[in-house]
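For reference, the structure is listed below as structure tokens.
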Amino acid sequence: MKKNLILFALIMLVSAAFAQFKKDQTTAYNAWMKKDLAKAKEAIDKAITYPEAATDAKVWFTRGNIYLDIQQLAANKGKINVGMTKIEVYGILGEPNSVSKTTTNGGQNELLFYTDINSTININENGKVDYINEMSGEEAVKSPMVPNALDIAFEAFSKAGELDTKEKYKSDVAAKIKVIGGEYFNEGITFFQQNNFDGAIPYFDKAINIAKNNHVIDTLANYGSALCFEKKAASDKAFLDKAIEKYQFLVDVKMKEISIYTSLANLYKDKGDIDKATAILDQGKVLYPGNSDLIITEANIYISTNNHAKAVSSLMIAKEKEPKNVSVLYAIGVTYDLLKNDSKLPDDERLKYFNAAIDGYKETIAVDPNYFDALFNLGAIYYNKGGDVINEANQLPINETAKYDKMLADGNNYLNMALPYLEKCQELQPKDKATLVSLKEIYTRLNQKEKLMGVNDKLNSL
């Protein structure tokens with residue numbers, strides 16, 4: 001009799017525990033359906049502590065849904081901005097918990113109540129967001145903030161998949177985990193945009209691994225990871241090999257993105273392997289014949305190795321394809337600009353390149369009159385030439401007065417030719433110190449006192 005009583009008590013205890021497990025599970029599910037995530041989280045956190053949870057796929061599936069919504073809740077709240085349309089708000093947050101209508105200045109407004117994000121959103125008579133306020137008092141529901149909600153959701157869905165022997169949730173679990181991969185990617189992008197590359201990489205890696213487990217290659221997440229290592233390599237060469245490995249993978253899987261070829265080529269260039277850099281560009285040119293980005297990158301690599309003739313050749317091919325491409329035109333000007341300074345070349349050839357550089361910059365400005373670098377470089381060419389001629393004149397013997405006067409006039413003429421381009425630079429970037437210093441020298445030399453005072457004032461205020 002005593003044994004029977006003990007057995008009965010145990011059965012009652014197990015039954016009570018099972019009943020409580022089911023109650024908490026149901027409470028969590030119902031609260032989740034009503035968008036009360038705080039209550040849903042509290043109930044599901046209790047439900048998974050029961051022994052019954054160890055074999056119940058549904059409770060883990062519910063937990064995954066709750067924590068995924070907690071993650072998306074925080075992300076979506078930040079996406080709502082003044083000026084959005086009502087339809088855009090609904091697209092991001094879904095339907096509100098309640099709506100009230102008011103009349104202001106003869107126009108009808110709608111106040112949308114989103115208790116799960118503790119916000120009210122006012123839609124004006126034009127159907128756009130006027131303002132966003134935090135809810136307070138009894139209306140407010142304390143929204144759960146869980147920093148690692150995404151990881152918890154992923155673990156829950158993964159466990160649900162393991163326990164789902166009858167595959168009741170198979171397609172839903174797969175779809176949810178795919179969504180989590182997208183959320184991991186978005187988190188990576190957020191960190192990347194903040195230049196927190198160390199913070200971004202783990203999220204991109206998680207997105208990559210989720211896709212890999214589904215026998216898929218997430219090229220965008222791999223690209224995000226490659227970009228992070230490329231940025232890190234720019235300041236620390238120890239990351240060059242890792243960045244190269246990441247980009248090489250994207251090239252190998254034939255990602256349809258031209259920049260993977262230009263980035264990888266530049267990384268090889270930074271490592272000092274010019275042969276591999278040009279080989280990667282050749283590979284890209286087979287897939288994207290005539291692409292100006294590939295050609296410009298190739299030209300820049302030739303410039304960095306002082307192979308200016310090959311650089312010019314590459315750029316002329318690009319110019320034939322895109323005669324109005326300012327990047328190509330500017331690069332041509334820069335290349336000739338470098339060639340004119342090559343003291344190993346004969347004077348007549350350097351003069352030819354001097355004039356070609358001017359033409360390259362002028363062609364750039366003709367297409368884009370506000371192209372600052374082209375304007376500055378063109379002004380600098382005339383400014384430096386004027387300075388060289390004047391310095392040379394100052395070295396003449398004192399008895400060569402006529403030659404001195406002629407050279408001084410020529411030098412001042414070059415300075416005058418520089419003025420409109422450098423003054424345009426000042427107009428575009430008023431606080432650019434290099435521009436202001438150059439103008440100060442020209443105004444001093446040309447005795448333009450009023451303009452000199454203005455430039456001095458600006459320099460003193462920097």
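For Gln283, which of the numbered conditions (1) more than 27 Å from Asp205 (Cβ to Cβ); (2) more than 23 Å from the chain's Cα centre (by Cα) fails to hold?
Only one criterion is unmet by Gln283, namely (1).
Please determine whether any residue of segment 111-128 is outside any strand (DSSP E or B), of a type in the set (Val, Ile, Thr), under 24 Å from Tyr203 (Cβ atoms) and at pLDDT below 85.
Yes, that holds for at least one residue.
Scan segment 441-462 and report the pairs whose first residue is exposed (fewer than 14 other Cβ atoms within 10 Å of the Cβ) and whose second residue is assigned to a loop (DSSP other than H, G, I, E, B), with Cβ atoms within less than 7 Å and a gap of 6+ or a chain change.
Close Cβ pairs satisfying both conditions: Leu462/Lys431.
Could you tell me which of the residues Asn370, Asn412, Asn377 is over 26 Å from Met316 (Cβ atoms), out of contact with any Lys or Arg (no Cβ under 6 Å at 6 or more places or on another chain) and not acidic (Asp, Glu)?
Going through Asn370, Asn412, Asn377 in turn, the sole match is Asn412.
Residue by residue, here is whether (1) within 37 Å of the chain's Cα centre (by Cα); (2) surrounded by 15 or more Cβ atoms within 10 Å (Cβ to Cβ); (3) over 21 Å from Tyr383 (Cβ atoms); (4) hydrophobic (A, V, I, L, M, F, W, C) holds:
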{"residue": "Tyr330", "(1), (2), (3), (4)": "yes, yes, no, no"}
{"residue": "Gly333", "(1), (2), (3), (4)": "yes, yes, no, no"}
{"residue": "Tyr336", "(1), (2), (3), (4)": "yes, yes, no, no"}
{"residue": "Asn341", "(1), (2), (3), (4)": "yes, no, no, no"}
{"residue": "Arg350", "(1), (2), (3), (4)": "no, yes, no, no"}
{"residue": "Tyr353", "(1), (2), (3), (4)": "no, yes, no, no"}
{"residue": "Gly360", "(1), (2), (3), (4)": "yes, yes, no, no"}
{"residue": "Ile365", "(1), (2), (3), (4)": "yes, yes, no, yes"}
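Just name the residue that is surrounded by the most Cβ atoms within 10 Å (Cβ to Cβ) out of those in segment 57-93 that are part of a helix (DSSP H, G or I) and hydroxyl-bearing (Ser, Thr, Tyr).
Tyr67
Matching residues to (1) in a helix (DSSP H, G or I); (2) of a type outside the set (Val, Ile, Thr); (3) touching a residue at least 24 places away in the same chain (Cβ under 8 Å); (4) under 23 Å from Ala40 (Cβ atoms):
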site: Ile132; (1), (2), (3), (4): no, no, yes, no
site: Pro144; (1), (2), (3), (4): no, yes, yes, yes
site: Ala160; (1), (2), (3), (4): yes, yes, yes, yes
site: Ala174; (1), (2), (3), (4): yes, yes, yes, yes
site: Glu187; (1), (2), (3), (4): yes, yes, yes, yes
site: Phe192; (1), (2), (3), (4): yes, yes, yes, no
site: Asp205; (1), (2), (3), (4): yes, yes, no, no
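Determine which member of the set Glu450, Glu441, Glu423 is out of contact with any helix residue (DSSP H, G or I) (no Cβ under 8 Å at 6 or more places or on another chain) and part of a helix (DSSP H, G or I).
Among Glu450, Glu441, Glu423, only Glu450 is out of contact with any helix residue (DSSP H, G or I) (no Cβ under 8 Å at 6 or more places or on another chain) and part of a helix (DSSP H, G or I).
Identify all residues within segment 285-306 that are of a type outside the set (Ser, Thr, Tyr) and surrounded by 15 or more Cβ atoms within 10 Å (Cβ to Cβ); write none if there are none.
Selection gives Lys285, Asn291, Asp293, Leu294, Ile295, Ile296, Glu298, Ala299, Asn300, Ile301, Ile303.
Take the residues of segment 1-54 that are closer than 30 Å to Pro96 by Cβ and either touching a strand residue (DSSP E or B) at 6+ places or on another chain (Cβ under 9 Å) or exposed (fewer than 12 other Cβ atoms within 10 Å of the Cβ) (or both): which is modelled with the lowest pLDDT?
Per the stated criteria, the residue is Lys35.
The values are calculated or read from the model by the stated rules, or taken from the named source; none is laboratory data. Just so it is clear, the model here is predicted, and its values are computed rather than measured. Glycine gets a Cβ as well: all are built from the backbone with ideal geometry, and neighbour counts include every protein chain shown.
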